[in-house]
Structure formats: structure tokens, C-alpha cells
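Here the structure is laid out as C-alpha cells; the discussion comes afterwards.
The values are calculated or read from the model by the stated rules, or taken from the named source; none is laboratory data. This structure is a prediction, so every number in the text was calculated from the model and none was measured. Positions of Cβ are backbone-derived with ideal geometry, glycine not excepted, and every protein chain shown enters the neighbour counts.
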Amino acid sequence: LVKDSGGNAYHRFDPSMLRYREKRRERLRELHSAIARDEFVLHYQPQLNMATGEIIGAEALIRWQHPQQGLLSPAEFLPVVTGSDLEAPMGRWVVREAFRQCSQWHQAGLNLKVSVNISAHHLMTPDFPEFLAAELATHPGLSPQSITLEVLESTALDDTRRAGNVIEACRAMGFEIALDDFGTGYSSLAYFRSLPIDLIKIDKSFVRNLLDNDNDRAIVESVVFLAKRFNRPVLAEGVETAAHARLLKDIGCDYIQGYGVARPMAPGRFTQWLAQWHKNPQRQTRPLLWEP
Ligand code: C2E
Ligand code: MG
Ligand code: MG
Ligand code: MG
């Protein structure tokens with residue numbers, strides 16, 4: 001029984017908190033069976049090299065084909081997964097599926113890189129590099145250079161040394177490493193010095209208002225400048241318009257990814273889209289299909 005003492009005293013029993021916990025537990029149960037029933041899918045979003053007009057690869061983004069609620073985006077289930085005992089199993093599923101897809105594309109003659117998001121907890125599981133090696137070995141034709149591991153900037157924040165060691169081990173095996181959501185952490189600059197990184201992905205929050213916010217523009221320019229100084233390529237996320245793309249190209253950004261190029265797509269649609277892209281004769285000079 002909960003006694004309401006009135007005034008400013010807080011309730012020891014908060015029914016809304018209980019409902020929240022119940023919902024969360026229920027969601028976790030559903031997610032456990034989702035793995036067993038193979039209800040997750042990866043969608044792919046192209047990454048464009050602005051200098052050549054070529055699609056260099058695609059980022060794999062998880063979706064949950066929920067039996068009643070339809071296709072759910074990560075925002076609707078990742079918060080529940082993060083920190084739970086599902087984080088590593090889901091991470092392993094994503095890696096396996098992305099490797100399988102990349103390998104299949106290569107066999108079909110599509111020379112694409114596939115980027116895979118790796119959560120902090122999954123990266124730090126003790127046998128992570130061994131897991132990658134074992135998965136790689138199941139696809140004899142698959143080169144680790146074709147796989148980019150996207151690690152959140154914040155992942156390395158807690159324990160830079162240990163994260164650095166794991167990242168270095170993966171890199172020694174030939175995998176490429178991208179620093180995702182760059183600029184949202186607290187000590188972004190330090191990563192240039194301490195971490196072995198192949199690609200910097202500027203967070204979309206800096207890109208969104210690039211055209212009319214001088215501060216955001218200054219930040220993007222500085223990140224690009226630093227990346228060049230350290231011989232690292234830069235990709236801008238969340239590029240929605242041709243005007244954004246043009247400005248980013250002027251600033252010296254190498255690659256872009258965003259709805260302006262294409263939304264994340266199911267694998268079948270992605271390859272159709274790519275075939276159309278290759279047919280566009282102007283893609284060298286005007287890389288964005290929708291550019292006037
Ligand atoms: P992220 O890795 O930074 O991925 C980029 C997110 O931005 C994706 O959201 C993508 O759909 C969205 N996006 C792409 N272009 C645009 C654009 O032009 N405008 C806007 N507003 N958004 C754009 P999504 O797919 O909902 O994923 C959200 C986040 O969930 C990802 O951010 C990533 O952190 C996480 N995530 C997605 N898939 C996986 C996965 O397989 N494993 C793990 N650990 N995390 C994942
Ligand atoms: Mg990512
Ligand atoms: Mg990102
Ligand atoms: Mg993000």
C-alpha cells in the first residue's frame with residue numbers, strides 16, 4: 001500500500017515507473033523471440049564519393065520487422081537492447097548478416113564496402129576480434145578491407161586505452177574503422193591523437209543547419225581541416241539537399257551519406273537503386289541524381 005503523505009514528500013511507489021518497467025520487460029521478451037524468429041533485417045544506405053560520383057559502399061542499419069507493429073526503426077528498440085543481455089547477441093547477428101550480404105554482393109560482381117555499427121558493449125566483449133575472424137573465415141572470398149566497423153565516438157570515451165587496443169586488433173586484421181557521430185563526444189580532438197581511425201563521420205546534427213548556422217559551419221570546416229591534417233578521409237552524415245552537398249564539397253569533405261542521396265533501403269531495392277545510379281551518365285560531373 002502506498003501512503004500519500006502529501007506536501008513535497010515523494011512517492012516511494014510510482015505507478016508510471018512500474019508501467020515503464022513492465023513495458024520494457026515485455027519489449028525485451030519480444031526482442032528475445034525476435035532473434036529466434038529471425039525478425040531483424042538490415043537496410044542499406046549508400047555512401048557517395050563526391051570527387052568521383054561513385055558509391056563506395058553502404059551502411060547497414062538494423063530494422064525490426066515486428067509481426068504486428070510493422071517495420072520498426074532502431075529508436076524504437078535499441079534503447080531497450082542497450083545494456084541488456086541482448087546487446088551482444090544482436091550485435092553478432094548484425095555482423096553475420098552484414099558479412100553474408102557483403103560476400104554475396106562481391107560474388108555478384110558488386111564491389112561494395114559494407115559499414116557495420118558496433119555497440120560499445122559488443123566491441124568490448126572479450127572475444128570480439130576472434131569472433132570477427134571466425135565470421136570472416138566462413139566467407140572465403142570476403143576481404144576484411146570490404147568491411148568498415150563504425151564505432152561511436154562515445155564508445156571509446158569511458159575506457160580509451162582498452163577500446164583502442166580492441167580497435168587496433170581489428171584493424172591489424174584488415175578491417176577499417178570509422179568514428180561515428182563525430183563531434184558529439186566530450187573530447188573529440190583527443191581521438192585524432194590516440195585512436196587508429198580510417199574514417200571520420202561528422203554527426204548529422206552539425207550538418208543539418210550547415211547552410212545558415214555559422215557555428216555549425218565553423219565546426220564542420222575545422223573537423224575537415226583536422227582530418228586532412230591527419231590524412232584521414234571525412235564523411236558527412238545526414239546530407240538532405242544538393243545545397244548541403246555542394247557546400248560540403250567546397251569545404252573539402254570527401255564522402256556524403258543522407259536522404260539527399262538515398263534513404264536506407266532493403267537489399268533488393270538497394271541493388272536496383274545502384275543499377276539506376278550506374279546508368280546515370282552525369283554522375284561524374286553532377287553526382288547527385290536530383291541535382292538540377
Ligand atoms: P548512425 O549509425 O549514426 O546512422 C545514421 C542514422 O541517420 C540512421 O538512422 C539513418 O537512417 C539516419 N539518416 C541517414 N540519412 C539521413 C538524413 O539525411 N537525415 C536524417 N534526419 N537522418 C538520416 P537509423 O537507421 O534510425 O539508426 C539510428 C542509429 O541506430 C544509428 O545511427 C546507429 O547508432 C544505431 N544503429 C542502427 N543500426 C544499428 C546496428 O545494426 N547496430 C547498432 N549497434 N546500432 C545500430
Ligand atoms: Mg553508423
Ligand atoms: Mg552516425
Ligand atoms: Mg547516430
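Only one of LEU110, LEU142 is touching a residue at least 60 places away in the same chain (Cβ under 8 Å) and assigned to a loop (DSSP other than H, G, I, E, B); which? Show your work before the answer.
Working: LEU142 fails: touching a residue at least 60 places away in the same chain (Cβ under 8 Å).
Only one candidate passes the filter, namely LEU110.
Can you tell me how many residues in region 89-112 are within 13 Å of ligand 1 (Cβ to nearest atom), surrounded by 18 or more Cβ atoms within 10 Å (Cβ to Cβ) and hydrophobic (A, V, I, L, M, F, W, C)?
Qualifying residue count, region 89-112: 5.
Can you find a residue in region 143-151 that is hydrophobic (A, V, I, L, M, F, W, C) and away from ligand 2 (no atom under 16 Å from the Cβ)?
No, there is no match, as no residue in region 143-151 is hydrophobic (A, V, I, L, M, F, W, C) and away from ligand 2 (no atom under 16 Å from the Cβ).
Restricted to region 208-251, and to residues there that are part of a loop (DSSP other than H, G, I, E, B) and buried (at least 22 other Cβ atoms within 10 Å of the Cβ), the residue that is nearest to ligand 3 (Cβ to nearest atom) is GLU237. ARG171 meets each of the listed conditions (1) under 19 Å from THR125 (Cα atoms); (2) modelled with pLDDT under 95; (3) more than 16 Å from ligand 3 (Cβ to nearest atom); (4) not small (Gly, Ala, Ser) apart from (2). So in region 32-73, with the set limited to residues that are of a type outside the set (Gly, Ala, Ser) and out of contact with any strand residue (DSSP E or B) (no Cβ under 8 Å at 6 or more places or on another chain), which one is nearest to ALA245 (Cα to Cα)? Per the criteria, the residue is THR52.
ILE197 falls short on exactly one of the conditions (1) within 14 Å of ligand 1 (Cβ to nearest atom); (2) touching a strand residue (DSSP E or B) at 6+ places or on another chain (Cβ under 9 Å), and that condition is (1).
Would you point out the residue of region 145-168, among those that are modelled with pLDDT of 95 or more and assigned to a strand (DSSP E or B), that is surrounded by the fewest Cβ atoms within 10 Å (Cβ to Cβ)?
Going through the qualifying residues, I end up with GLU150.
For region 235-263, taking the residues that are in contact with a helix residue (DSSP H, G or I) (Cβ under 6 Å, 6 or more places away or on another chain) and within 16 Å of ligand 4 (Cβ to nearest atom), the one that is nearest to LEU48 (Cα to Cα) is identified as ILE256. Residues in region 171-194 that are surrounded by 15 or more Cβ atoms within 10 Å (Cβ to Cβ), of a type outside the set (Asp, Glu) and either over 23 Å from GLU130 (Cα atoms) or more than 16 Å from ligand 2 (Cβ to nearest atom) (or both): ARG171, PHE182, GLY183, THR184, GLY185, SER188, TYR191, PHE192. If the condition is being assigned to a loop (DSSP other than H, G, I, E, B) and either crowded, with 19+ Cβ neighbours inside 10 Å or in contact with a strand residue (DSSP E or B) (Cβ under 6 Å, 6 or more places away or on another chain) (or both), then region 113-135 contributes only SER119.
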